[in-house]
1. For Asp122, which sequence-distant residues (separation of 5 or more, or a different chain) have an amide H within less than 5 Å of its own amide H, given hydrogens modelled in the peptide plane?
2. So what's the projected area for the chain, the Cα convex hull averaged over all directions, in nm²?
3. List, in the order given, every pair from Lys61/Lys164; Lys133/Lys192; Lys41/Lys84 whose Cα-Cα distance in the structure shown is over 31 Å.
4. Residue by residue through region 77-82, what is 3J(HN,Hα) from phi via Karplus (6.51 cos²θ - 1.76 cosθ + 1.60, θ = phi - 60°)? Round to whole Hz and write x for glycine and proline.
5. Which whole-Hz couplings ³J(HN,Hα) result when phi for each residue of region 181-193 is put into the Karplus expression 6.51 cos²θ - 1.76 cosθ + 1.60, θ = phi - 60°, listed in order with x for Gly and Pro?
6. Under a straight-distance cross-link criterion of Cα-Cα below 16 Å, which lysines are reachable from Lys107, leaving out those fewer than 8 residues away in the same chain?
7. Mind listing the long-range amide H neighbours of Lys164? Cut-off is under 5 Å, sequence gap 5 or more, other chains count too, H placed in the peptide plane at 1.01 Å from N.
8. Enter the Cα centre distance for the pair region 158-182 and region 44-115, rounded to the nearest angstrom.
Amino acid sequence: MVTQANEMDNKAVQNPKLGFKCLHYVVSESCGTLDVKISKKTQETVIFMLKTIDGTAKANKKYSPIEEMITMQANQMEHVVSLKIVDDDEYNEDLDFLIEICSEEGKRLEGDDTQSRITIKDEDLPGTICFEKRKVTVRKMDKYAYIQLTRKDGAAGDISCYCKTEVCTKEVNNQAEEFTDFMPFNDPIHFKHQETYKLIKVELINDETMKNDADKGTPVDTEEK
Ligand SMILES: [Ca+2]
Ligand SMILES: [Ca+2]
């Protein structure tokens, strides 16, 4: 994905000879390479240096830096430089770096269009944890209540949450009781990188002498950390 934003506004001062066609590129970190275009506005041959400058995105870690001399012949009006974007598996902020058109000595040329910003958008979302179903029904004879946790909208990196059972309030009829109907569950749940499912096992107590055969629920709360 590549989008181009921030076109020159009316007050911007353009360099008379050279300029970036786009002043802000937004790319996804898995895009591979980004082609950045430089326009030549005169009919003469020009020599300049192109170089990248770290912003929050650091060279080699997020992109391959360049520092190269370019000669554009009189009849060549456009130069394209390919910047390599480095992908990783970690969740990170969206990060920026710059590319500049410089003199042969490496000093940025005057004008608002001699610098372009590249924003690298992260794609490694950690995701969010939720219950697969809001209601799970078990029978009194079951040994366990199996409750499915699902990690949605990304699975990058290790994440964890805490799960615990809670007894329903007294207003609910026939609420299941801890140690009578089920064993309390109170444990951290860890999802490893790329892991999207976890099954929680709540132990049920099968008490034959219980007179009340009504449905009993075992509510479980999750709390993200
Ligand atoms: Ca990635
Ligand atoms: Ca990343």
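1. Those qualifying (amide H under 5 Å, at least 5 residues apart or on another chain) are Asp94, Leu95.
2. Answer in nm², one decimal: 17.5.
3. Among Lys61/Lys164; Lys133/Lys192; Lys41/Lys84, the Cα-Cα distance tops 31 Å for Lys61/Lys164.
4. Along region 77-82, the couplings run 9, 9, 10, 10, 10, 9 Hz.
5. 10, 8, 8, x, 10, 7, 9, x, 10, 10, 9, 7, 3
6. Hits, sequence-local ones excluded: Lys17, Lys51.
7. The list, which skips near neighbours in sequence, is Asp221.
8. Region 158-182 and region 44-115 have Cα centres separated by 58 Å.
Every number in this text was worked out from the coordinates using simple rules, so none of it is lab data. Note that this is a predicted model, so its numbers are computed, not measured. Here Cβ is always computed from backbone atoms with ideal geometry, including for glycine, and neighbour counts include all displayed protein chains.
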